[in-house]
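Presented below is the structure to which this report refers.
Bear in mind that the values in this text are calculations on the coordinates, not laboratory data. All of these numbers come straight from a predicted model, not from anything done at the bench. Every residue, glycine among them, receives a Cβ derived from its backbone with ideal geometry; neighbour counts consider all protein chains shown.
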Amino acid sequence: MEISIDINDYLNEKSVTATIQKYIDQLHQAGGGRLTFASGMYPTGSLMLKSNVELHLQPGAVLRFSDDPKEYPVVVSRWEGVKRDVYASCIYADGAENIAITGFGTLDGQGQKWWDIFRNHP
């Protein structure tokens, strides 16, 4: 199964997180498949990747992750080997198998903003 997403269909939305997650969930429930992103900028928060799902970014496609901590739910993960509650990463998976991120697009996590928060945290 393949689903394609084109940002031109969502130009009035500030974030397409819910839409992308809906498609990931649909693919997973159908047994797996590929979610293809056409060229364009996709503003999003944290995404939960699930088993048998491939995110494929065509050239010029950019998943631009939010710099707002509210877009990243708290999840149980490991930090330096210790289980603890942490903010979900840009793309998060738990117990997932056969997952992939492919193509020649860009994942933009806006790292500088996060490093500034980390360095200035009391």
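Numbers below:
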{"read-out": "Residues of the range 90-118 satisfying the condition of being surrounded by 11 or more Cβ atoms within 10 Å (Cβ to Cβ), out of contact with any Phe, Trp or Tyr (no Cβ under 8 Å at 6 or more places or on another chain) and polar (S, T, N, Q)", "value": "Thr102, Thr106"}
{"read-out": "Matching residues, the range 48-77, being exposed (fewer than 14 other Cβ atoms within 10 Å of the Cβ) and over 19 Å from Phe104 (Cα atoms)", "value": "Asp68, Pro69, Lys70, Pro73, Val74, Val76"}
{"read-out": "Scan of the range 61-118 for residues that are among the polar types (S, T, N, Q), in contact with a Lys or Arg (Cβ under 9 Å, 6 or more places away or on another chain) and not in a strand (DSSP E or B), ordered by number", "value": "Gln110"}
{"read-out": "Matching residues, the range 1-36, being within 15 Å of Ala61 (Cβ to Cβ), of a type in the set (S, T, N, Q) and in contact (Cβ under 8 Å) with a residue 24 or more places away in the chain", "value": "Ser4, Asn8, Thr36"}
{"read-out": "Residue within the range 12-23 that is within 16 Å of Ile99 (Cα to Cα), of a type in the set (A, V, I, L, M), under 12 Å from the mean Cα position of the chain (by Cα) and surrounded by fewer than 19 Cβ atoms within 10 Å (Cβ to Cβ) present", "value": "no"}
